[in-house]
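Undergrad: Here's a structure for you.
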Amino acid sequence: MQLIINVNLRRLALALVILMPCAAELKEATLQILRNGENAGSYILQAGDPSLAEWKLPPLNIADQTSADHTQSDALIKLGRALFFDPKLSSDNSRSCASCHRPKLGWSDGRPTAVGLNGQPLDRATPSLYNSAYGTIFTWDGRASSLEEQALGPVYDPSEMGSSADELLTKLRSDEYYRKAFAEVFTEQLITDQFITDQFITEDSISRALASFERTLLVQNTRFDQWVAGDHNALTLSEIRGFGVFLDSERGSCATCHAPPNFTDDGFHNIGLASFSDPDPDLGRYNIRPVKLMRGAFKTPSLRNITLTAPYFHDGSAETLEDVVEHYQQGGVSKGNLSPEMKDIDLNTQDVDDLIAFLRAISITRDDESINMASEQ
Amino acid sequence: MNTALKVLTTFTLWFSVGYVIADQLPNVGQKDKKFSVEKLQVNVGDTVTFTNDDPFFHNVFSLSPAATFDLGSYPQGESRDITFEEAGEVQVECAIHPSMQMTIEVTE
Ligand SMILES: [Cu+2]
């Protein structure tokens, strides 16, 4: 008799231990956010909930993504990495792609706007390259529709790297490492005849290599991603509430533009930055698509690893995430051609704190292994 | 058995004909950041209606010589019309979401 009671008591204790985390889950489960749109149902903000599936980054089928017929081989990626870090790509051998897209600064540069060859600031901020493999349109105004198409833009830009096709090809063709590497990648054979190896070093093959390397700069496993995949301990309650603010069309309404799964709609919006009121403002997308709506519209950036890439916005006008949220709280500053999706949001202090906590949770920490691996040469 | 099959075939045919006709009506939906059709053929003088079925704004514009227009931006449930006056191929795009593209072939 005694024994049985003991056992039962132990069971009870065990049940309590099991129930405790359930209590936390219950709190989590009460968070439901109505999705935008008729009969769209709601998001249930609980780790692993099926309603969150659209926030899972799909595995990349890289062969499909390359506009090129050549698939992404390890050798091609390695070659791309060498090119990305090589100052030979600039006319005076002073800078590489990585001078602006710096691995430890989220593949951005920590400056409001990039710095030109002559040391003068350029017009726009250096964007992060994280998850560009998921992107469908590139640069702030979307003038390139693939990473391959974008790759040589900065090389030939007089204020960025100042080189030319002739100069670039001459330099790389007279470099023994590249002669060997290109021929090996594209023929899978060791070729030493220079006349032949030269044929493999072309604008096309250089672009392919750079793009293939860029497609490896991924961030797919933030605490947020772990939570979406089902890990109840990955996010704090404040971060989960912050995700609620982010999704809720009555509060942050951020996900309309920073849409699943990569926190971007690959679309263009004027979010009312103060600089749009400048006498001669950057018209952004309008330069590429002269439609009124596009005056002062820029591409929606992805937000994974956002903590690594301050300052923010195409003009670098927000120093911190707090500044960014303050901008949205005001519903934009320059309202001349404001996107109709910019609502007058009114977040309380708790919402703001939660939202910012959430933005940090979609970033890996600066000393994360994967950053250091990627930056190794 | 045979009759059943005939009835079925007739119904299927009837339905698919109905479907094709409905499909040719110049009404284009905008849903999940896509136009409901990729290609549409209309006659000069026809009016095409674009209806936004997504819970956010869309736009419709074209810079093609056969028809240059910008229908602005409008929310879910609203539509915009455009009448085609000239024959030719018209590339239609949403300025907000450039992956939304379609072609309208306007014939005499
Ligand atoms: Cu659209």
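The values are calculated or read from the model by the stated rules, or taken from the named source; none is laboratory data. All of these numbers come straight from a predicted model, not from anything done at the bench. No Cβ is skipped: glycine too gets one built from the backbone with ideal geometry, and neighbour counts run over all protein chains shown. Heavy atoms of the whole protein, side chains included, go into the accessibility calculation; ligands, DNA and RNA do not. Shrake-Rupley method; radii C 1.70, N 1.55, O 1.52, S 1.80 Å.
Undergrad: With label points built 7 Å along Cα→Cβ from the Cα atoms of B:Val44 and B:Gln101, find their separation and express it in nm.
TA: Simple spin-label model gives 2.8 nm for this pair.
Undergrad: Over the range A:220-361, what percent of the accessible surface lies on carbon and sulfur atoms, probe 1.4 Å?
TA: 47 percent
Undergrad: Considering only DSSP beta bridges whose two residues both sit in the range B:26-107, what percent are antiparallel, to the nearest 5?
TA: In the range B:26-107, approximately 70 percent of DSSP beta bridges are antiparallel ones.
Undergrad: Another question, then. Give me the percent of accessible area attributable to carbon and sulfur for the range B:26-107, probe 1.4 angstrom. Please list the in-between numbers first.
TA: Numbers: 1580 of 3610 Å².
About 44 percent, which is the carbon plus sulfur part of the accessible surface.
Undergrad: With the dipole of the range A:74-214 worked out from charges on the C-beta (+1 for Lys and Arg, -1 for Asp and Glu) around the Cα centre, which of A:Gly110, A:Phe200, A:Leu168 lies farthest toward the positive end?
TA: In the range A:74-214, that residue is A:Gly110.
Undergrad: Can you give the accessible area per residue of the range B:26-107, in Å², using a 1.4 Å probe?
TA: Accessible surface, normalised per residue, equals 44 Å².
Undergrad: If the only charges are +1 at each Lys and Arg Cβ and -1 at each Asp and Glu Cβ, what is the size of the charge dipole of the range A:122-176 around the Cα centre, to the nearest 20 debye?
TA: Taking the Cα centre of the range A:122-176 as origin, the dipole is about 140 debye.
Undergrad: How big a patch of accessible area, both sides summed and in Å² to the nearest 100, lies buried between A and B at a 1.4 Å probe?
TA: In total, chains A and B hide about 1400 Å² from solvent.
Undergrad: Give me the accessible area per residue for the range A:74-214, probe 1.4 Å, as a whole number in Å².
TA: 44 Å²
Undergrad: Pop out a list of residues from the range B:76-108 that are at least 50 Å² less accessible with all the protein chains around than in their chain alone; 1.4 Å probe, no ligands or nucleic acids counted.
TA: Relative to the lone chain, where solvent access is computed with a 1.4 Å probe, the range B:76-108 loses at least 50 Å² at B:Ala95, B:Ile96, B:Pro98.
Undergrad: Turning to a different aspect of this structure: Where nothing but the Cβ of Lys and Arg (+1) and of Asp and Glu (-1) is charged, how large is the charge dipole of the range A:74-214 around its Cα centre, in debye to the nearest 20?
TA: I would put it at about 520 debye.
Undergrad: Okay, moving on. For peptide B:43-55, what's the mean number of Cβ atoms from other chains within 10 Å of each residue's Cβ?
TA: Going residue by residue through B:43-55 and averaging, the value is 1.
Undergrad: How much net charge surrounds A:Ser275 when only other residues with a Cβ under 11 Å from its Cβ are counted (Lys, Arg +1; Asp, Glu -1)? Mind showing how you got there, number by number?
TA: Values: positive: A:Arg124; negative: A:Asp123, A:Asp278, A:Asp280, A:Asp282, A:Asp315.
Net charge in that neighbourhood comes out at -4.
Undergrad: Which percent of the accessible heavy-atom area of the range A:74-214 goes to carbon and sulfur, probe 1.4 angstrom?
TA: 49 percent
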